[in-house]
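Written out below as structure tokens is the structure these notes cover.
The values are calculated or read from the model by the stated rules, or taken from the named source; none is laboratory data. Every value quoted in this text rests on a predicted model; they were computed, and no experiment measured them. FYI the Cβ positions are ideal-geometry reconstructions off the backbone, even for glycines, and counts take in every protein chain you see.
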């Protein structure tokens, strides 16, 4: 079932949304998920109990949680690609720049849990979302000369916000369920988190690729007249500059 979705998002960048491969993959994925949900609802002991979505408080918390997970993975991927493709870093160095944010997020998890128990979900959401938004605006305007420490700090601040929001939403969702439904809720949270993360990876790479191609084509049109009479070396340098600028523009577009 997930393979159809992976195929859909991977093919979108190459074939286009109106291609047969994309349409067939999308339909197959939707039908597969529908069949799985229906089947589970008729089982005495379902693998995943989808009836818990009849609880509006749980459903709302999960919907916002999925959105937050999507935002977390999308930024993680786009920042990683920016560091490697634009600033020329190795995968190891880019990972080290993003590591402090992940470590801080993990260290703050028990603290966020205690804050949730004491103050409830509202304060954590009201603090977490603004941190995410402000950091996203900064990360959505990265340039070739942006310092590594700025990216590291901004990414860490964003993950602090993500940690506050995710933890509070997960706990709030499980608290809305009956005791006998908690195990199903935990399994559903884990399944949805992994699924959204996998789909986000393919989708974000596709979006960045499409937007980079679009900006690259437009920039080449703008500089077409300048290329007349230029040497081969000069044209190559110009094309390299355009490819970098196009990727930056395409990468920043994903934050919109």
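The single condition among (1) under 19 Å from residue 248 (Cα atoms); (2) at pLDDT 90 or above; (3) surrounded by fewer than 17 Cβ atoms within 10 Å (Cβ to Cβ) that residue 88 does not meet is (2).
Within segment 65-80, being surrounded by fewer than 18 Cβ atoms within 10 Å (Cβ to Cβ), in contact (Cβ under 8 Å) with a residue 60 or more places away in the chain and over 9 Å from the mean Cα position of the chain (by Cα) holds for one residue alone: 66.
The residues listed here are 132, 167; of these, the one that is within 15 Å of residue 110 (Cα to Cα), out of contact with any strand residue (DSSP E or B) (no Cβ under 6 Å at 6 or more places or on another chain) and in a helix (DSSP H, G or I) is 167. For segment 81-105, which residues satisfy the criterion of being free of Cβ contacts under 8 Å to residues at least 40 places away in the same chain and under 13 Å from residue 157 (Cα atoms)? The answer is 99, 103.
Between 113, 120, the distinction of being assigned by TED's automatic domain parsing to the domain that holds residue 153 and in contact (Cβ under 8 Å) with a residue 40 or more places away in the chain belongs to 113 only.
Picking from residues in segment 136-159 that are without any contact (Cβ under 8 Å) to a residue 60 or more places away in the chain and buried (at least 19 other Cβ atoms within 10 Å of the Cβ), the one that is farthest from residue 61 (Cα to Cα) is 154.
Taking the stated definitions as given, is residue 23 closer than 25 Å to residue 204 by Cβ, surrounded by 15 or more Cβ atoms within 10 Å (Cβ to Cβ), modelled with pLDDT under 85 and out of contact with any helix residue (DSSP H, G or I) (no Cβ under 8 Å at 6 or more places or on another chain)? When the stated conditions are applied, residue 23 does not pass them. Checking residue 184 against (1) within 21 Å of the chain's Cα centre (by Cα); (2) under 30 Å from residue 40 (Cβ atoms); (3) in contact (Cβ under 8 Å) with a residue 60 or more places away in the chain, only one condition comes out false. Which one? Checking residue 184 against (1) within 21 Å of the chain's Cα centre (by Cα); (2) under 30 Å from residue 40 (Cβ atoms); (3) in contact (Cβ under 8 Å) with a residue 60 or more places away in the chain, the one that fails is (1).
On the stretch given as segment 38-63, residues that are surrounded by fewer than 17 Cβ atoms within 10 Å (Cβ to Cβ) and in a helix (DSSP H, G or I) total 13.
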